[in-house]
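Report on one structure; see the data block that follows.
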Amino acid sequence: MKDFLTEEEVYDLMLKHRREKERRVADRIKAVLLSNQGWSFRKIAEALFLDEDTISKHVSEYRQERKLGLLTGGSESKMSSTQTQELVDHIASHSYTKVSEICNHIRQKYGLEYTVSGMTKWLKSNGFSFIRPHGVPAKADPEKQKQFVSEYEKLKNETPENESILFCDGVHPTMATKTTYGWIKKGSRKPIKATASRTRMNILGAINLTTMDVITDNFKAINSEAMRDFFDL
């Protein structure tokens, strides 16, 4: 049964084997690949510490049904390496909150069926995790950021060595109780004593990125006068 796989199938199976975490599925893939190289069922069985009947079944099921997984029901991928990379790029650039939405996309795009559990396993094996996105400023302008970097580099090159460049900003912390999320029994309310104080502080600070020195001072209000006094420190 030598050379019954195409070069693309061999590549896909080798890729699946590198990503597969389930040992029994990995053994199935190795059995198919070794059989394609001309190994006898007996030799493969000895190498994988399995019996010949199991090896024969693994190879037969793959050749007839393209089956590699332990369960039926659409959990096994039939995607080519090109489709796999295309889907990885698509998911990386789009936001999906439900695995079923990805299954629908694959059905419409490639005509392939996946169960939610099968797709979940595929996502994990391809480096995806169900985590919160990283928030970035909504008004961030990439072009203006590039312009700032360019101007900052120019400023550094033109600034005398005995002068410092400071990055400055103000903060306004309040001395009050802040509540957040926690594990609380359903149907009940957990009271937290809150302070009535509304004391607000106005802190102006600056950092020197060369020395990493930090300068701070408190003001009644942060305005032009406060900025002038701050730089006189």
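The values are calculated or read from the model by the stated rules, or taken from the named source; none is laboratory data. Computed from a predicted model, the values in this text were never measured in an experiment. Quick note on the areas: whole protein, heavy atoms, side chains included, nothing else; ligands and nucleic acids left out. Shrake-Rupley method; radii C 1.70, N 1.55, O 1.52, S 1.80 Å.
So, with a 1.4 angstrom probe, what is the percent of accessible area on the chain that is carbon and sulfur?
Values: 9400 of 17960 Å².
Solvent-exposed carbon and sulfur of the chain make up 52 percent of the total.
Counting heavy atoms of the protein chains only and a 1.4 Å probe, report the per residue accessible area for the chain as a whole number of Å².
Details: 17960 Å² over 233 residues.
For the chain, the per-residue accessible area is 77 Å².
If you build the convex hull over the alpha carbons only and average its shadow over all orientations, what do you get for region 1-55? Give it in nm² to one decimal. Could the numbers behind the result be given before it?
Details: hull surface 14.0 nm².
Taking the Cα atoms of region 1-55, their convex hull projects to 3.5 nm² on average.
Using θ = phi - 60° and the Karplus curve 6.51 cos²θ - 1.76 cosθ + 1.60, what whole-Hz ³J(HN,Hα) does each residue of region 5-20 get, with Gly and Pro shown as x?
Each residue's phi maps through the Karplus curve to give 9, 7, 4, 5, 5, 4, 4, 4, 5, 5, 5, 4, 5, 5, 8, 6 Hz.
Using θ = phi - 60° and the Karplus form 6.51 cos²θ - 1.76 cosθ + 1.60, what ³J(HN,Hα) does each residue of region 88-105 get, whole Hz, x for Gly and Pro?
4, 5, 5, 5, 5, 9, 10, 9, 10, 9, 10, 5, 4, 5, 5, 4, 5, 4
Provide the solvent-accessible area of Ser95, counting protein heavy atoms only and rolling a 1.4 Å probe, rounded to the nearest 10 Å².
So the heavy atoms of Ser95 present about 110 Å² to solvent.
Just to be sure I understand, if you calculate Rg/Rh (Cα atoms, Kirkwood Rh) for this structure, which of (i) 1.24; (ii) 1.11; (iii) 1.00 do you get?
This structure yields the entry labelled (i).
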